[in-house]
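In what follows, a single structure is set out as structure tokens and then discussed.
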């Protein structure tokens, strides 16, 4: 590992607490070996895979015990079914509960569809198929998309994928976001695909197509809202026009599907006390963004009041910090990949609704930075986030009966190391220069060891 000697890193710590953190980081970094990166992920994949299969069988045979097979996919399937049969009640929880009961029988929880109307249209073809069979089709599709995304990481980190492809596959497949993504039936892999294709098109010099592709991500608005601001700051007007055009088309289709009243029902659902209580506050422990960490740390009686503020203010704050970093470097030659990796990291870190499965979008951020600027902070933050996300469920169970502030034990602590990764992406904006990239790609030796 090139860079400052470990003793110098420790001595440069500004306080005793900083010294302890630095010492812990160095020791953790020493534990990151090739053998461990090969063996431990395999164990996690086998154990987690068996648990996932067993749980899925139980859910298929008797959804009344643990809930439906692919519970988040059930929400999307329900949206597709209602759009076909009863679009005027697309966002009505009672109607959704009735549809799910008819498809599966009694389940302990409602899988609430609150996505934009266009999402219901995308899932409508699958809603023609009986639910469990439809879920299997979706799971196979989701898996194929994720594998394609992992292979596509070679556009961001050619050296790493050429020399350490198997390790990357093992690490991604063993990561908690992957298990959450597959087990819940979420669609974050498709958003990941859009980001990867968009970044590649920007790098290849097709800004219009890149903007259009990223505009498709508006089906999950919280994961692309920062994009137009960055396009404006970078004066990429062609990409901005394409992005706005696609978002306008998506909005137009949504309006055509449900009308103004349906759009009002959607926005009302997202701002309702029920959504704030059950999702933003009640599921904060399953989230991994900074807003959710703050939500989980405050006293419960503050939760309902602070949730709307965090929902509306967090992404604008992240956007301001990112734009400030970009504008400071306005006269410098910026690597487009570094810009969009920083944009993606900012979006994820400050998203008011970033569930564990959405953290799969951190994969290209980490892989890109490991290849271009592998620092001690990056490596230890990545491992720490990996471990903390695996501890989410045990910590939640341990904190269920604890009063505040002990109940903060199940706060999404993984948000802290993920925020460190975000800071590393901002620093990479200054450190990386386009003229150095070819030299870095051709450099001999182990990939991802350009710095400490």
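Looking at residue 427, is it under 23 Å from residue 230 (Cβ atoms) and either assigned to a helix (DSSP H, G or I) or at pLDDT below 95 (or both)?
When the stated conditions are applied, residue 427 passes them.
Yes or no: residue 365 part of a helix (DSSP H, G or I) and without any contact (Cβ under 8 Å) to a residue 24 or more places away in the chain?
No, not satisfied.
If you check residue 325 against the conditions, is it part of a helix (DSSP H, G or I) and modelled with pLDDT of 85 or more?
yes
Counting only residues that are surrounded by 22 or more Cβ atoms within 10 Å (Cβ to Cβ), within 16 Å of the chain's Cα centre (by Cα) and in a helix (DSSP H, G or I), how many does region 220-238 have?
Residues meeting the conditions: 2.
Could you please find all residues in region 131-149 being free of Cβ contacts under 8 Å to residues at least 24 places away in the same chain and either buried (at least 20 other Cβ atoms within 10 Å of the Cβ) or in contact with a helix residue (DSSP H, G or I) (Cβ under 7 Å, 6 or more places away or on another chain) (or both)?
Once the filter is applied, which keeps residues that are free of Cβ contacts under 8 Å to residues at least 24 places away in the same chain and either buried (at least 20 other Cβ atoms within 10 Å of the Cβ) or in contact with a helix residue (DSSP H, G or I) (Cβ under 7 Å, 6 or more places away or on another chain) (or both), region 131-149 yields only 137.
Can you find a residue in region 125-148 that is under 20 Å from residue 418 (Cβ atoms), within 20 Å of the chain's Cα centre (by Cα) and modelled with pLDDT of 95 or more?
Within region 125-148, one or more residues are under 20 Å from residue 418 (Cβ atoms), within 20 Å of the chain's Cα centre (by Cα) and modelled with pLDDT of 95 or more.
Among the numbered criteria (1) in contact (Cβ under 8 Å) with a residue 40 or more places away in the chain; (2) more than 18 Å from the chain's Cα centre (by Cα); (3) over 17 Å from residue 230 (Cβ atoms), which one does residue 327 miss?
Going through the list (1) in contact (Cβ under 8 Å) with a residue 40 or more places away in the chain; (2) more than 18 Å from the chain's Cα centre (by Cα); (3) over 17 Å from residue 230 (Cβ atoms), residue 327 breaks only (3).
Restricting attention to region 284-293, does a residue exist that is closer than 26 Å to residue 349 by Cβ, in contact (Cβ under 8 Å) with a residue 60 or more places away in the chain, surrounded by 14 or more Cβ atoms within 10 Å (Cβ to Cβ) and over 19 Å from the mean Cα position of the chain (by Cα)?
no
When you go through 263, 250 one by one, which is the residue that is part of a helix (DSSP H, G or I) and either closer than 16 Å to residue 113 by Cβ or in contact with a strand residue (DSSP E or B) (Cβ under 9 Å, 6 or more places away or on another chain) (or both)?
That would be 263, the only listed residue that is part of a helix (DSSP H, G or I) and either closer than 16 Å to residue 113 by Cβ or in contact with a strand residue (DSSP E or B) (Cβ under 9 Å, 6 or more places away or on another chain) (or both).
Out of all the residues in region 106-118, is one or more assigned to a helix (DSSP H, G or I) and within 24 Å of the chain's Cα centre (by Cα)?
yes
Identify, from the list 298, 339, the residue that is at pLDDT 90 or above and either closer than 29 Å to residue 427 by Cβ or more than 15 Å from the chain's Cα centre (by Cα) (or both).
None of the other options fit; the residue is 339.
Being within 15 Å of residue 129 (Cβ to Cβ) and in contact (Cβ under 8 Å) with a residue 40 or more places away in the chain is the filter; apply it to region 84-105 and report the residue that is surrounded by the most Cβ atoms within 10 Å (Cβ to Cβ).
Ranking the qualifying residues of region 84-105, first place goes to 104.
The values are calculated or read from the model by the stated rules, or taken from the named source; none is laboratory data. In this text the structure is predicted, and so the values were computed from the model without any measurement. We place every Cβ from the backbone using ideal geometry, glycine too, and count neighbours over all the protein chains shown.
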